4 protein chains.
Amino acid sequence: MSSELGRALRLSVFGQSHGKAIGGVIDGLPAGERIDMEALFAFMDRRRPGKALSTQRNEADVPEFLSGLQEDVTCGFPLAFAIKNADTRSGDYAPFATKPRPGHADYTAFLRYGGFADMRGGGHFSGRLTAPLCVAGGIAKQLLEKRGIFVGAHLFAVGGAKDVGFDPVLLTQEALLAPGKKEFPVCDDARGLAMKAEVEAAKSAQDSVGGVVECAVLGFPAGVGSPMFDGVENRLAAALFGIPAVKGLEFGAGFGAAGLRGSENNDPFVLKEGKVCTETNCHGGILGGITTGMPVVFRLAFKPTPSIAQKQRTVDLAEGVETTIEIKGRHDPCVALRAVPVVEAVAAFALLDLYLEEGRWN
Amino acid sequence: MSSELGRALRLSVFGQSHGKAIGGVIDGLPAGERIDMEALFAFMDRRRPGKALSTQRNEADVPEFLSGLQEDVTCGFPLAFAIKNADTRSGDYAPFATKPRPGHADYTAFLRYGGFADMRGGGHFSGRLTAPLCVAGGIAKQLLEKRGIFVGAHLFAVGGAKDVGFDPVLLTQEALLAPGKKEFPVCDDARGLAMKAEVEAAKSAQDSVGGVVECAVLGFPAGVGSPMFDGVENRLAAALFGIPAVKGLEFGAGFGAAGLRGSENNDPFVLKEGKVCTETNCHGGILGGITTGMPVVFRLAFKPTPSIAQKQRTVDLAEGVETTIEIKGRHDPCVALRAVPVVEAVAAFALLDLYLEEGRWN
Amino acid sequence: MSSELGRALRLSVFGQSHGKAIGGVIDGLPAGERIDMEALFAFMDRRRPGKALSTQRNEADVPEFLSGLQEDVTCGFPLAFAIKNADTRSGDYAPFATKPRPGHADYTAFLRYGGFADMRGGGHFSGRLTAPLCVAGGIAKQLLEKRGIFVGAHLFAVGGAKDVGFDPVLLTQEALLAPGKKEFPVCDDARGLAMKAEVEAAKSAQDSVGGVVECAVLGFPAGVGSPMFDGVENRLAAALFGIPAVKGLEFGAGFGAAGLRGSENNDPFVLKEGKVCTETNCHGGILGGITTGMPVVFRLAFKPTPSIAQKQRTVDLAEGVETTIEIKGRHDPCVALRAVPVVEAVAAFALLDLYLEEGRWN
Amino acid sequence: MSSELGRALRLSVFGQSHGKAIGGVIDGLPAGERIDMEALFAFMDRRRPGKALSTQRNEADVPEFLSGLQEDVTCGFPLAFAIKNADTRSGDYAPFATKPRPGHADYTAFLRYGGFADMRGGGHFSGRLTAPLCVAGGIAKQLLEKRGIFVGAHLFAVGGAKDVGFDPVLLTQEALLAPGKKEFPVCDDARGLAMKAEVEAAKSAQDSVGGVVECAVLGFPAGVGSPMFDGVENRLAAALFGIPAVKGLEFGAGFGAAGLRGSENNDPFVLKEGKVCTETNCHGGILGGITTGMPVVFRLAFKPTPSIAQKQRTVDLAEGVETTIEIKGRHDPCVALRAVPVVEAVAAFALLDLYLEEGRWN
């Protein structure tokens, strides 16, 4: 088992990068919800390849809905969708069947599936599989928004360059959603220039570069989540590590909290217009696994795209000798860049799942 | 639902800090495995309170086994155990029922359970609940060790002071297990002195301090795990965020990878004595959610203990006014310190679960 | 994994018949619910051994609550309980370690756990394990009753003798609960005499006899359940086959429906006092996996108690030869008789789980 | 959530009867298994509509495989398939939106989904959704057969007419598979004539008739399954009640066991060619939830097809008055008849799931 997510709301993702189609089945959506298709496609467009700084592979990426909708309204039954794979150049990947690319899942897929894995284009591990995540998460985002819950993300760091972070206390809906409307999704455009320069520098060096995506959630109700293994952090973590290339996750002050004193990290409770809040938000909106009502804030570390044009050392599994490879193909120099909407999508799906599970939709 | 973990191997944890008992039920252990009780109690002793740098609460913490064992050998049926709560001073906590302690789950428990939560001593959120985790994980560690799989951790950072990390490539079993044998569980004792000084400084300032725990796993088979949402990272993350005070998790190069180029972060495949390895280990032993056979390496950020003796600002939920509190009680100045064996325990449990789930025990 | 039940409400059962204790952990109970302990113990008393027609083993069977309650009110955290095993005569069972009793799980436990299973008194398979089911289900029954939902059962058949069934349309709360108040739990006491005679005849012949238990649920809301694998029938079935000795389950007209025409079996929709009902109730309150609001009605077939005093043929697993055994011990001549409250308990737990899962508690 | 099945092997079913497509995603199939497409289509043909005694709706029912296969060999990734809905006459069903058909899920779907359910042709509740079950189960059957495990079923009863049952002790592979090769799937063709006459009599009376399907499994290993809620009976029951129109399930002697003495129902253990067997098989191959190695035998009660051409009474939900309806459409007079391969399919899927979960594939 592998490619399923959720409890009250379930997602089953399928597809290989160069197979016939990719897609998913969503089970547990409430009935009677109209999906704004234009908004959904606009959201998916944010991760679409074929833009300036990303892979040149060009796919329409328009999902065909097979079930679960009647005239764009959910009917309560499982919602299935498929996205045809049109533009594939499988030949590019042939050599890697026995010469695993460093940093890729070629070798582990070989171990796990004994040579039967369809790894053309990265197979089921491909970044292309984030398209179904965006369909499912884009729908989840729309449902949450109807309840006044907004999920937004921005590119927080690329290599050594950094954006400013979301304000974890004063964050407005406008500020949250602003980066998603830009071609280069940052809060501070001036800093964005330096970040973009890092991507371009990596690209022109036939290399790639890592990055950090920050995500925040506004309007999520307080009191959701459970102690121990069913906290909001556990649930988000289990989902977010499903995004390819994620190697780290922190909530609120995160790793920074390790360097703080309790007197600095403890967020004092205060009253604002009669409502219990915290003055600061080092806790990232979650205490004891349960939401406090403050913005939920987390950051994800993305490794550099493993596919780079430089010659790399590897092992020929068939011959049992060391060798080198060169990866042609088409690749994003910074996977974190296109991951921004994917992070929003997966977070939205996991949060809607929790929301539904606690019976808050009724 | 909240306090359950695992799929092929299941743990259900129960208990409040000041209730009658804490404990757990483990379902899915293979039959016929002898538990070395002396080793188990020695392991639990590593997290036991009552030592110099930790809370002065004194509990024997000896689990009573209620089922699942015959003369210390697993019989295949659910293994249940209970640890009596002996030394409780509930009076210390009475004021916090309506005046939530900053950084604690008092407020969110109030939201979630509407005032009915038994929050004496932190209730089910208390660090005391890590004792059942250590029983379950201590048993899991023993089973893994019989298969040549070793899990070890050390205190990697406290405030601004840092230990050296485990060598992610050359790590030996001896080096892995060495910190666990020390009263102050670090790799480099000289650096440990500076780290200890941070704890003591926080303590004498009536404050607390955060930290980082690093954990590694040696001998875990290659090829375990699945893509997307069922990878080793997802499974470890879902479990590890169940440890109180964890606010971040990173695998391999983790957040550091965000600052690297692909040419730096990609670990070249090489042959060592005929075996496929990677020359470096930025991937932390996991690619595409599946183990490569290299050491699994991850780090957890712990926030500073929220209980500090200083006066803190909070809200009186009953009166609806801002107020202050002082926490007397007994508290660890650095929760990360005693968390070291807990991290090993939870990681061991999650990995044994994966191991059993993939049918590798047979 | 084996001994866990439920999704929003979870039960983990532990214990062997002759181990230290049996018990369970319930996770997911709403906070703030007062448990009527007197009513709970009275309910458990209905399945207690030591009565005239049942095994002579005498156990107080009083659960000790270890967590999850404060002054008999649920606090939202996992509720754990243990029942000490006091009166055990393990010597009685020694011979069966290698000579499996026909109709028992001795042989399959040997296959499954390779000789390590603690099968004294039937181990984890023992009817004694229905005591924790009655604790969990007795609590569930109380919670359901607060919402106007009542679960009742009666002994429907023993050998060739039959009770009258519950009226599936006109069933009142009084009629539903009447059998549970009798020592011999039937609807029609006259018929009960013939049924009792069957039990006594079996007993005096050093034999045992099978039976059928019928259960009904009043007041469960309409519209609960989901199509395919998550219908009310699926969920009840998965739970009810967990009761030892159950070999069949039917809803509504059940196997009788196989002999009917559609024109007989289809229940016409009618209006009663403005409410949509069905005139008959062959569907047993469930259509398409979803409740209609009519009484939920089902019947369970129980095999005869496999432990009988007559000499029986078996195989000596150690010697590899055919042999015979005689079972001394203490046994119910008709397991269905004491199963009546167990059926109510398991049904109540499964239905409360569905009720909570659909967010109807809020 | 609703339409998902399995633990180590997962099935997610989607589609409405008159939507764009029906289908499913199977996650957890071992890699490297060749699917015999001709055999799969032949198996699916057994449930195909358009034959003499069944509905006249004509569908090619050929699944298109979207992922998970490379040249008919499983690649380890989720296997998705879709079956286009071609021949739909939605107009036939329009009146039932507010006038629920007796015995159908129209009314409960209205309660559950508030009028948004796409119930054309029965929506997601339609018998048409058994086609994806046959794809998934047909694949499972092929995998089991490679391990020497065979699943077969026959029509055991229709109305008052009965077939002979499978011999629960001496059943051969040939006898098991024989009914599936016949147009009218019974063991005894002479008895089959009387059964067929029941179907025809119901049909010519513009009525329908119920039936019983018996299923057996040969070659399934002994020692599979777990006590309490994870026994083979629990797992099969949870799956089999997902087949539309099932109202009862019994294992081995089943409801008949309720009328037996222990001395009759206990199956003596004997040695046959050095192998431990039971002389009789009242236990249906399962003791304590665990397989004994004897044939697994169970029977399912199917209610009569609820769609009949006679005028029936119902309620107009929009007007709030009693009324009548006449169902035109195209319907099987005996749903049990076409259910025979569906029972095999669902049983095979559930058993392969258990087989994989226990690590027996490796």
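The values are calculated or read from the model by the stated rules, or taken from the named source; none is laboratory data. Since this is a predicted model, take the numbers as computed values, not measurements. FYI the Cβ positions are ideal-geometry reconstructions off the backbone, even for glycines, and counts take in every protein chain you see. For accessibility, only protein heavy atoms count, side chains too; no ligands or nucleic acids. Shrake-Rupley method; radii C 1.70, N 1.55, O 1.52, S 1.80 Å.
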Filter the GluC sites (Glu not before Pro) in the range A:245-297 to those in DSSP coil with at most 11 other Cβ atoms within 10 Å of their Cβ, and list the result.
A:GLU273
Across peptide A:208-216, what mean number of C-beta atoms from other chains lies inside 10 Å of a residue's C-beta?
4
Value of D in µm² per second that Stokes-Einstein yields for the range A:280-362, Kirkwood Rh from Cα pairs, at 10 °C (1.306 mPa s):
93 µm²/s
What are the equivalent ellipsoid semi-axes of the range D:194-323, built from the alpha-carbon gyration tensor (square roots of five times its eigenvalues), in whole angstrom, biggest first?
40, 18, 13
Averaged over residues of B:296-307, the number of beta carbons from other chains lying within 10 Å of each residue's Cβ is 5
Check cross-link reach from C:LYS272 to the aspartates and glutamates: straight Cα distance under 13 Å, and skip same-chain residues fewer than eight apart.
D:GLU322
With every protein chain present, what is the per residue accessible area of the range D:4-357 (1.4 Å probe, Å²)?
31 Å²
Percent of C-alpha pairs per 10 Å bin, the range D:117-180, short to long:
17, 32, 33, 16, 3
Check which residues have an amide H placed less than 5 Å from D:VAL212's amide H, if you skip close sequence neighbours.
D:PHE156, D:ALA157, D:VAL158, D:PHE302
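Placing unit charges on C-beta atoms (Lys and Arg positive, Asp and Glu negative, everything else neutral), compute the dipole magnitude of the protein assembly as shown about its Cα centre in debye, rounded to 20.
Values: 152 positive and 168 negative charges, 1 e Å.
Dipole magnitude for the protein assembly as shown comes out near 0 debye.
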For C:GLY32, inter-copy label distances in nm, listed shortest first [label point 7 Å out on the Cα-Cβ vector]:
2.6, 5.2, 5.7
From the backbone phi of the range B:245-262, what are the Karplus-calculated ³J(HN,Hα) couplings (6.51 cos²θ - 1.76 cosθ + 1.60, θ = phi - 60°) in whole Hz, Gly and Pro given as x?
6, 6, 10, x, 8, 9, 10, x, 5, x, 4, x, 4, 5, x, 9, 7, x
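Roughly how crowded by other chains is peptide A:125-135, in terms of the mean Cβ count from those chains within 10 Å of each of its Cβ atoms?
Other-chain Cβ atoms within 10 Å of each residue's Cβ, averaged: 1.
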To check my understanding: the extent here is largest minus smallest coordinate of the Cα atoms along each principal axis. What are those three numbers for the protein assembly as shown, in Å, largest first?
83, 68, 67
If labels are modelled 7 Å from Cα along the Cβ direction, B:VAL164 lies from its partners in the other copies at nm distances, smallest first, of 4.2, 8.1, 8.7
Counting only residues 5 or more places away or on other chains, whose amide H sits under 5 Å from the amide H of B:LEU66 once H atoms are built in the peptide plane?
B:ALA80, B:PHE81, B:ALA82
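Can you pull out the GluC sites (Glu not before Pro) in the range D:318-362 whose DSSP state is coil and whose Cβ has at most 10 other Cβ atoms within 10 Å?
Numbers: sites: D:GLU319, D:GLU322, D:GLU326, D:GLU344, D:GLU357, D:GLU358; in loops: D:GLU319, D:GLU326, D:GLU358.
Of the GluC sites (Glu not before Pro), the ones in loops of the range D:318-362 whose Cβ has at most 10 other Cβ atoms within 10 Å are D:GLU319.
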Candidate aspartates and glutamates for bridging to B:LYS196, where Cα separation is under 16 Å - those fewer than 8 sequence places away on the same chain excluded
B:ASP163, B:GLU183, B:ASP188, B:ASP207, B:ASP332
Which of the residues in the range C:14-33 show a loss of at least 20 Å² in accessible area from their chain by itself to the complete set of protein chains, at a probe of 1.4 Å?
C:PHE14, C:GLN16, C:LYS20, C:ALA21, C:VAL25, C:ASP27, C:ALA31, C:GLY32
Provide an ascending nm list, one decimal, of label-point separations from C:PRO268 to the equivalent residue in each further copy; define each label point as 7 Å from Cα along Cα→Cβ.
5.7, 7.4, 8.5
A plus D alone minus the pair: what accessible area, both sides summed, probe 1.4 Å, in Å² to 100?
3200 Å²
In whole percent, the fraction of accessible protein surface over chain A that belongs to carbon or sulfur atoms, probe radius 1.4 Å, stands at 50 percent
Between the DSSP loop rule and a limit of at most 16 other Cβ atoms within 10 Å, which GluC sites (Glu not before Pro) in the range D:137-194 are left?
D:GLU183
Built amide H within the under 5 Å cut-off of B:GLU33, gap 5+:
B:THR74
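From the P(r) of the range B:59-198, could you give the percentage of C-alpha pairs in the tail past 23 Å?
Value for the range B:59-198: 59 percent of Cα pairs lie more than 23 Å apart.
Starting from the eigenvalues of the Cα gyration tensor, five times each then square-rooted, give me the equivalent ellipsoid semi-axes of chain B, largest first, whole Å.
Over the Cα atoms of chain B, the semi-axes work out to 34, 25, 19 Å.
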For the range B:296-311, what does the Karplus curve 6.51 cos²θ - 1.76 cosθ + 1.60, with θ = phi - 60°, yield as ³J(HN,Hα) per residue in whole Hz, taken in order and with x for Gly and Pro?
7, 10, 8, 10, 10, 8, 10, 6, x, 3, x, 6, 10, 7, 5, 5
Test item: Cα-centred dipole of the range C:4-357, Lys/Arg +1 and Asp/Glu -1 on Cβ, debye:
640 debye
In angstroms, what radius of gyration and Dmax does the range A:239-312 have, counting Cα atoms only?
17.1, 62
Reachable lysines from B:LYS275, criterion Cα separation under 24 angstrom, eight or more residues apart if same chain:
A:LYS99, A:LYS311, B:LYS146
Whole-Hz ³J(HN,Hα) from phi, Karplus 6.51 cos²θ - 1.76 cosθ + 1.60, for the range B:280-286, glycine and proline x
10, 9, 5, 7, x, x, 9
